[in-house]
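The values are calculated or read from the model by the stated rules, or taken from the named source; none is laboratory data. In this text, all values refer to a predicted model and were calculated from it rather than measured experimentally. Note: ideal-geometry Cβ built from the backbone for every residue, glycine included; neighbour counts use all protein chains shown. Areas reflect the complete protein model, heavy atoms only, side chains present, ligands, DNA and RNA absent. Shrake-Rupley method; radii C 1.70, N 1.55, O 1.52, S 1.80 Å.
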Amino acid sequence: WHFHAMFTFVAGFLIAVISWLLPRKSMLGRLVWWSSMAFTLLAFGLLAYDITLRCIITGRPPIKNLYDTFLFIAAFGVLTCVVVEWIMKTRIALALAPLCGAVLILLARSFELADGKDTMDPLMAVLDSNYWLATHVTSINTGYAAGIAAAILANAWVLMRVFRVLPPSDPTMKQLIRAVYGVTCFSLLVSLFGTIYGGIWANDSSGRFWGWDPKETG
C-alpha cells in the first residue's frame, strides 16, 4: 500500500506545482488546490492503512525497527504539512507535504532492498515491550517527524530568499515563519516527553537513567 501511496504523493506534488502558476483566488486555482489536497490525503490514507496493517499483523505499536521509522515519520510529516497548509493556505506546504511523503517512502524501500531481510522480524529482548514502544518510541519519533517538517518549511523559506522569489515582508513569508515556529515548539515538547520516557525505560530495564540509546542521549 505504501508503494501505491508513493506514486499518489508524486501526483499530488505535481498538481501542487501547477497550482503555483495559477491565481490563488481564481476558480481554476481553487480547483487545482483541492485536487492536490485530495491526492495528498488519499496517499496519506494508503500509507496509514499500510502502517495499521503492519501493527495488526505483528501485534505491536507502529514503530519496531528502522523500516517502520521511515514510514511513520513520512506519515506524520505529511500530516503536519497538510495541517499547516489547511490553516495558512500558502500553497508551499501543499507541495512540501506530498514531496516529504514520497521521498521518505522511497528511503524506506531503499533500506528494505539494501538490508534484504524480513521487515517484521521478531524484536530483540530489550525492545520487547508494547508499553514502551507505544510511549517512548512513538513520542520520540513524533518529535523527529515534526522536526523534519519544520526543517522542510524553514528550508523552503531560505530557498525563496536565495532566489528572491518573495521579500521577507511578504505575508506568505511571514506565515511560513509562524508555521516553522509553531511546528518547532510542538516538536520540542513531544521530543522532551519522549526523551524523559526513554530515561525512565532505561532506568527500569538496566538501572541507569542515561544508560540507553547513545544518539538520543546525546
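Structure summary
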item: Exposure of Asp118 as accessible area (Å², to 10), given a probe of 1.4 Å and all protein chains; result: 90 Å²
item: Acute angle (nearest 10 degrees) that the helix 138-162 long axis makes with the longest principal axis of the chain, alpha-carbon atoms; result: 30 degrees
item: Leu192 paired with Phe163, simple spin-label distance in nm, labels 7 Å along Cα-to-beta-carbon; result: 3.7 nm
item: Relative packing of peptides 55-61, 174-180 - highest average C-beta neighbours within 10 Å first; result: 174-180, 55-61
item: 0 to 90° range, to nearest 10: angle between helix 93-115 axis and the chain longest Cα axis; result: 40 degrees
item: Highest-first arrangement of 150-156, 188-194, where packing means the average Cβ count within 10 Å; result: 150-156, 188-194
item: Cα long-axis angle, helix 2-19 against the chain (0 to 90 degrees, to the nearest 10); result: 30 degrees
item: 33 Å tail of the calculated P(r), the chain, as % of Cα pairs; result: 22 percent
item: Net charge of Cβ neighbours under 14 Å - reference Leu94; Lys, Arg +1; Asp, Glu -1; result: +3
item: Per residue accessible area of the chain, 1.4 Å probe, in Å²; result: 53 Å²
item: Carbon/sulfur fraction of accessible area - the chain, other protein chains in place, 1.4 Å, %; result: 73 percent
item: Computed accessible area, Met160, all protein chains, 1.4 angstrom probe, square angstrom; result: 30 Å²
item: Nonlocal Lys pairs with alpha-carbon distance under 29 Å, the chain (8 or more apart, or different chains); result: 6
